[in-house]
Amino acid sequence: MEKKRHIFVAGGAGYIGSACTEYLLDRGYEVTVFDSLVTGHRKAIDKRASFIEGDLADRKLLLDLFRKNSYDAVMHFAAFSLVGESMKDPGKYFRNNVANAQNLADAAVEGKVSAFVFSSTAATFGEPAEIPIKETTCQNPINAYGESKLCFEKILSWYHKIHGLKYVALRYFNAAGATENFGEDHSPETHLIPILLQVAQGKREKAMLFGDDYDTPDGTCIRDYIHILDLAQAHEKAIDAPHAGHYNLGTGNGMSVLEILNAARKVTGHPIPADVVPRRPGDPPRLIACSDRARKELNWTPMYEDPEKIISSAWKWMQKYPDGYQDK
């Protein structure tokens with residue numbers, strides 16, 4: 001009988017990490033979740049996974065774990081990811097997203113891990129020079145969060161050259177949706193779709209639309225929404241990527257804020273009142289991915305390209321768990 005491959009999932013109690021853990025377990029992998037539970041949720045950890053409560057800042061713990069255990073791959077989701085906060089406290093982001101992440105990379109080298117899959121972001125591109133955004137598009141972050149992710153991408157490229165650590169950096173766009181068991185429960189919530197659904201739940205009076213005067217067909221920003229199960233599929237395929245490097249993950253189907261609002265109204269049957277407020281600084285008019293490389297080299301095919309299906313999955317989860325995980 002073939003031995004199960006063992007995946008170390010850092011940040012497996014978070015939004016995307018929990019969905020990816022579930023996806024891997026469903027496909028027969030052994031999974032160890034490592035999470036500090038600072039932003040993650042204990043109830044978001046799949047009961048089939050092993051769990052270690054720990055922080056990436058604990059270098060000794062990580063090195064000991066990788067010396068004593070045999071992990072076939074690492075998936076790293078354990079970054080701070082609030083853009084606004086990163087511009088108020090950049091030190092917090094560079095400490096955790098760069099210095100602490102380096103501890104994980106060192107442990108992976110120590111444990112002779114065959115693949116390191118990094119949850120990166122479209123924020124590394126800043127205001128893109130071209131649409132759709134390709135892997136080769138110039139990266140010029142406009143916030144500390146994006147810069148911290150780009151810094152660690154560069155560290156991984158050097159670890160690949162010097163230590164032979166095969167890495168794959170998955171730069172994804174707007175993660176959305178839910179699985180049957182795991183969904184989005186942030187505090188504070190900053191993502192558009194769950195905010196709209198919280199209005200439909202009666203938890204918010206109305207939503208705020210940041211600007212309606214962009215150079216887009218309806219004046220609101222256009223983004224590329226990708227379901228967390230499609231992200232999970234890409235992470236699994238990245239374990240066996242043909243070579244180290246970077247991949248953009250998106251559907252290529254940009255949807256405006258207003259289009260998402262109208263889709264949420266249709267899915268929930270709720271009017272979801274919304275007010276237009278001034279633009280937020282640094283919001284590009286369009287962010288749309290070219291994911292041709294991932295589709296070709298990873299044989300990755302998104303299953304959820306219809307925004308109503310993405311929103312429906314999130315709405316179903318929020319109705320099942322109206323108060324989220326309730327462990328904060």
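Here are some conditions: (1) at pLDDT 95 or above; (2) over 17 Å from the mean Cα position of the chain (by Cα). GLY254 meets all but one. Which one does it not meet? Condition (1) is where GLY254 drops out. Applying a threshold of 6 Å to beta carbon distances and a minimum spacing of six or more residues, or different chains, the list of pairs starting in the stretch 85-99 at a residue that is touching a residue at least 12 places away in the same chain (Cβ under 8 Å) and within 16 Å of ASP55 (Cβ to Cβ) and ending at one that is of a type in the set (Phe, Trp, Tyr) and assigned to a helix (DSSP H, G or I) reads TYR93/TYR145; VAL98/PHE152.
Restricting attention to the stretch 138-149, the residues that are of a type outside the set (Gly, Ala, Ser) and touching a strand residue (DSSP E or B) at 6+ places or on another chain (Cβ under 8 Å) add up to 2. Counting the residues of the stretch 171-204 that are part of a loop (DSSP other than H, G, I, E, B) and either surrounded by fewer than 24 Cβ atoms within 10 Å (Cβ to Cβ) or at negative phi (or both) gives 18.
Residue-wise test of (1) buried (at least 18 other Cβ atoms within 10 Å of the Cβ); (2) polar (S, T, N, Q); (3) free of Cβ contacts under 8 Å to residues at least 24 places away in the same chain.
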site	(1), (2), (3)
ARG223	yes, no, no
ASN262	no, yes, yes
VAL267	yes, no, no
PRO273	no, no, no
ASP283	no, no, no
ILE288	yes, no, no
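Across the stretch 240-260, the number of residues qualifying as surrounded by fewer than 21 Cβ atoms within 10 Å (Cβ to Cβ) and either in contact with a His (Cβ under 6 Å, 6 or more places away or on another chain) or in a helix (DSSP H, G or I) (or both) comes to 3.
Note on the stretch 294-317: residues that are buried (at least 17 other Cβ atoms within 10 Å of the Cβ) and either over 19 Å from the mean Cα position of the chain (by Cα) or part of a helix (DSSP H, G or I) (or both) amount to 9. Taking the stated definitions as given, is ALA123 at negative phi, small (Gly, Ala, Ser) and at pLDDT 95 or above? For ALA123, the condition - at negative phi, small (Gly, Ala, Ser) and at pLDDT 95 or above - is not met.
If you check ARG27, ARG5, ARG59 for being closer than 16 Å to ALA105 by Cα, in contact (Cβ under 8 Å) with a residue 40 or more places away in the chain and in contact with a helix residue (DSSP H, G or I) (Cβ under 8 Å, 6 or more places away or on another chain), only one passes: ARG59. Scanning the stretch 60-74 for residues that are under 13 Å from PHE34 (Cβ atoms) and either of a type outside the set (A, V, I, L, M, F, W, C) or surrounded by fewer than 15 Cβ atoms within 10 Å (Cβ to Cβ) (or both) returns ASP64, ASN69, TYR71.
Do you know which residues across the stretch 178-192 are under 20 Å from ALA123 (Cβ atoms) and touching a Gly at 6+ places or on another chain (Cβ under 8 Å)? Listed by number, the list holds a single entry, THR190. Given the structure, is THR21 of a type in the set (Ser, Thr, Tyr), crowded, with 21+ Cβ neighbours inside 10 Å and modelled with pLDDT of 95 or more? Answer is yes for this residue.
The values are calculated or read from the model by the stated rules, or taken from the named source; none is laboratory data. Source: prediction; values computed, not measured. Reconstructed Cβ throughout: ideal geometry from the backbone, glycine too, with neighbour counts over all protein chains shown.
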